[in-house]
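Bear in mind these aren't lab numbers, they're just calculated from the coordinates by the rules spelled out. This one's a predicted model, so the numbers in the text were calculated from it and none came from an experiment. With ideal geometry, Cβ positions are generated from the backbone for all residues, glycine too; neighbour counts draw on all protein chains shown.
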Amino acid sequence: MKYISTRGDRTPRGFSDILLEGLAPDGGLYLPAQYPKIDDATLKRWRGLAYADLAFEILSLYIDDIPPADLKRLCHATYTAATYGTDAITPLKPLEDGVFLQALSNGPTLAFKDMAMQLLGQLFEYELGRRGEQLNILGATSGDTGSAAEYAMRGKRGVRVFMLSPHGRMSPFQQAQMFSLPDANIHNLCIEGVFDDCQDIVKAVSNDLDFKRKYRIGTVNSINWARLLAQVVYYFAGYFQATASNAQRVSFAVPSGNFGNICAGHVARSMGLPIEHLVLATNENDVLDEFFRTGTYRVRGGAETYETSSPSMDISKASNFERFVFDLLGRDAARTAELFGPKLAKEGGFTLTAAEFAPAASFGFVSGKSTHADRVATIRDTWQRFGTMIDTHTADGLKVGRERRRPGATMLVLETALPAKFAATIHEALGREPERPAALQGLEALPRRFTVLPVDAAGVKRYIEAHC
C-alpha cells in the first residue's frame, strides 16, 4: 500500500513514512492510492472478532511496512478493557427503537479522540524506536484532541508535544485536563485567537520544509492519516453490533467540525461497509452543513466563528475536508490544489460547479445543524426518557440524526465525549452536575503549566527552537 497527496505529489510513500511526516511536501493530505475493497466473505469473517483483532485486520490492509506480529501486538496493547472499561471497547447504548449511541468516550480523557490517539502513541514510540529518532509533535486543538494526544504521548520515548489551543475558548474541564499534566515532554501553547488560527499555524510550520526537517515536526491532528485510519475501525465495530447479517444497512450520525471523524466513515463506506447515510451534524458554525446543501465551501474568519456550548466543533475551516473533495472530484489533484491552495487563501472559499457537486449524493452524505437551544432540549429529553446523560456534541449528533433518519432505519449516533467535560450546559439542561470518574476529581484545582502566545507562526517556531 502506497500513499499519495491530494495536491498531486505522487511520490509513493509507505505508511511508516507518512506516520511521522503529517502533511505532504506540497501542502496536501495523504490518502492511500486506492481504498481496499471488502467483500461479503471478509465481512462475515470479521463479524464477531474482538475489537483489537478487528483493528489489526483493517489496519493490515493499509500498513505493510510493520511486521504483522508487531502490528497485532500494538493493537492488543491499545484496545484493552483496562483502558476502555469494557471488552466491547465501543458498546452500543439503545435509545428509541432503531436509534443507538455508540460509546466512544470511555478512554482516559473521556473523548472519542482516545480511540485513535492511544494507538498513535504506540505507533510513534514503535517507529521512532525502530529508527533511533526523535519527533516533535505539533498539534492544534479545539478541546479534545489536545488532551487525548497529551495523555497518549506523555512519557513516550523520543516524543515531545507542542499543543496549540485557543486561549480561553475551551471548557474549564478541558483546560484542566491539558494544563495540569506535569510531564516535561508536554508543552501547552495558548494562542490569542480561535481554533482556526491554531490550525493555520500548524499548517504554516509544517509547510516550512526546512524547519520541519531540522526539528523533526510531526502531527497528531486528523491531518495525520494514521489517526483517521484508526477511527475507521469503530464504524465496522458499530455496524457489526447493530446488525445480524451483511444484508442490512445502517446510518451513522456524526458531530463534525474538522471533518476527521466523519471522513473515517467515508473511508469505511468506500471500502464497502454497508452504510446508507453519513449524517453530518454541525453546531452554529455550519460551514460543512452549508456545503452539503449548496456546494459552496465558505470559510469564516475569527469574528464570524461562534463560541458555543459544543466548543470542540467551533471550527470554520475543516482541515480534513480536502480529502473528501479530492475523492468527490474523481481524485483530480490539480483541481483540488487549485481549490484548497490559492483560491481558498484569496477568496475565502469556493463553489463547485454543478457537474462537480452532482456526485456528492452518491457518497451518502446528508447534513443538518443544531443550536444551543437544541442541545439543551436534546440533553434534557434523553435524560428524562432514557436515563442517559449525553454531552453537548453528542446532543448535536442525536438531534440531526433523528431529523435525517428514515422510518424503520437503524441510526448509530457517535458519542463524542462524556458529559463531565461540559458541566455548565449539563447543569443548565438538567439542574444537576454530571458524574465524574474518581481519578478526575479535583482536576481543576491542580497546578497548571501553559504559555500564552500571539497568533504568529514565527513565535511558535521560536518556542519550539528554545525547547528542543
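Data table
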{"item": "Ranked LEU278, LEU440, criterion: other C-beta atoms within 10 Å, fewest first", "result": "LEU440, LEU278"}
{"item": "Packing rank of 412-425, 137-150, where each peptide gets the mean count of other beta carbons within 10 Å, highest leading", "result": "137-150, 412-425"}
{"item": "Computed label-point distance, nm, for sites HIS467 and ALA355 using a 7 Å Cα→Cβ extension", "result": "5.0"}
{"item": "Residue-span extension gain [GLU304 to ARG157] - 0.36 nm each, minus C-alpha spacing", "result": "48.8 nm"}
{"item": "Label-reachable residues, region 226-254, where backbone N falls under 18 Å from a point 7 Å from LYS44's Cα toward its Cβ", "result": "240-241, 243-249"}
{"item": "Estimated FRET transfer efficiency (THR243, GLU96; beta-carbon r; R0 22 Å; 0.05)", "result": "0.80"}
{"item": "Cα centroid separation, region 1-53 to region 116-141 (Å)", "result": "17"}
{"item": "Highest-first arrangement of 442-453, 208-219, where packing means the average Cβ count within 10 Å", "result": "208-219, 442-453"}
{"item": "Paramagnetic reach from GLU433 (point 7 Å along Cα→Cβ, amide N under 15 Å) across region 439-468", "result": "439-446"}
{"item": "Set LYS72/LYS93; LYS212/LYS346; LYS2/LYS317; LYS44/LYS72; LYS93/LYS156; LYS113/LYS317 screened for pairs whose C-alpha atoms are more than 23 Å apart", "result": "LYS72/LYS93; LYS212/LYS346; LYS2/LYS317; LYS93/LYS156"}
{"item": "Full-stretch length increase - GLU133, ALA424 - with 0.36 nm per residue and alpha-carbon distance subtracted", "result": "100.4 nm"}
